[in-house]
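Notes follow the structure.
The values are calculated or read from the model by the stated rules, or taken from the named source; none is laboratory data. Note that the structure is a prediction, hence the values are computed from the model and not measured. Virtual Cβ from ideal backbone geometry, glycine too; neighbours counted across all protein chains shown.
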Amino acid sequence: LRPSRPGGGAAGPAAADPLCLGCSALFSRHPLATFFHLFFRVSAIVTYLFCDWFSNSFVACFVTILLLLSFDFWSVKNVTGRLLVGLRWWNQIDEDGKSHWIFEAKRVSTIAASTEVEARIFWLGLIICPVIWTMFFFSTLFSLKLKWLALVIAGISLQTANLYGYIHCKLGGQKSISRITSSFFVTADVSKRQTRRISENCIEEHGNTASR
Amino acid sequence: MRDLKAVGKKFVHVMYPKKSSALLRDWDLWGPLVLCVSLALMLQGGSADSKDDGGPQFAEVFVIIWFGAVVITLNSKLLGGTISFFQSLCVLGYCVLPLTVAMLVCRLVLLAGSGTVSFVVRLVVVIAMFGWSTLASTAFLADSQPPNRKALVVYPIFLFYFVISWMILTFTPQ
């Protein structure tokens, strides 16, 4: 007699049905988190670009953008990273006052298509926005609108902090970041080196046979 | 939520400073952000503002507070302090609370009039709150230093709150 699997009826058809897989790829499992991950960052950038249309007051724009950046920092650090990609990082101070930075990554056995979509959105949003704020930094510096400089620097530091924290989570425990980047450059030209080595071996052999 | 309650607890701790390492353990920078923004907002509209919308002065207050706090933290770390960078920023930022209260009182007093009496009242309030801020932050920060370096650490904190108090006292509305 076959033991009946609890919930086996639900799991079986869903795994086998390609239509359901397609559906789950389109609709992420955490739509609210995905929305808010992008909402605060993009509205901060949009407000910065179009602040003249919204209001004449520098102070109101400054405070609005700063609040949006802070909410974005809080939500990405505490909520969306954990929900969308299963990573988290924080600072902990133990009994004798030493501070430790802790980076954690959740172990996932299966990666569903929806998780991949969410992860892609997460990383794209995380990487593109600090780049945009860095461009704003150079544009304010060179156009000498220095009163915005404090805000742009705050934006860059908040977003880069999240970026650095999550990259550290993703890579931490396996290798350090410098080793990852060096190995990235190594693998990029490993094919060239292999062909060189093969050709050197051939030349050596031919040289040896020639001398013999 | 949990974060809001932590921020509120720290505000209460600043007003009644007793040395508790529990306060220092979970630092956060929300309180300093709120205090900095409200102080900068209240310092708007002074006679130093020229024709435009007070933009540079708002950013100035911001930069003075955050840059000053970073410099003090670096100073205390270079002197061999055991406190971490963000903890020190957290304490310095939260101890701006008495000065923000002083600014509020000053603005209310200035609504009544700006004669000699109001100046004396404002002076007393600002000096009291300045003393409170410096004492509160010293109670938290000076313990992390070796004993012969305490004065070297307290002096920049004194200067930092003195500059903020000066900005508050010399504020005259347009």
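For B:L152, the conditions (1) farther than 24 Å from B:W66 by Cβ; (2) over 15 Å from the mean Cα position of the chain (by Cα); (3) surrounded by fewer than 18 Cβ atoms within 10 Å (Cβ to Cβ) all hold with the exception of (1). Scanning the range B:105-132 for residues that are surrounded by fewer than 15 Cβ atoms within 10 Å (Cβ to Cβ), in contact (Cβ under 8 Å) with a residue 40 or more places away in the chain and part of a helix (DSSP H, G or I) yields one hit, B:L123.
When the residues of the range B:46-73 are filtered to those that are facing chain A (nearest Cβ under 10 Å) and at pLDDT below 80, the one that is surrounded by the fewest Cβ atoms within 10 Å (Cβ to Cβ) is B:D52.
Output the helices (runs of 4 or more DSSP H) that fall wholly within the range A:22-91 and possess 1 or more residues being in contact (Cβ under 8 Å) with a residue 24 or more places away in the chain and surrounded by 20 or more Cβ atoms within 10 Å (Cβ to Cβ), or say none. Qualifying helices (runs of 4 or more DSSP H): A:31-49, A:58-75. Among the conditions (1) at pLDDT 90 or above; (2) touching an Asp or Glu at 6+ places or on another chain (Cβ under 7 Å); (3) of a type outside the set (D, E), the only one that B:M103 does not satisfy is (2).
When B:L78, B:L43 are screened for being under 19 Å from A:A150 (Cβ atoms), of a type in the set (A, V, I, L, M, F, W, C) and at pLDDT 85 or above, only B:L43 passes. Applying the criterion of being closer than 19 Å to B:A151 by Cβ and within 9 Å of chain A (Cβ to nearest Cβ) to the residues of the range B:74-96, the residue that is farthest from the chain's Cα centre (by Cα) is B:T82.
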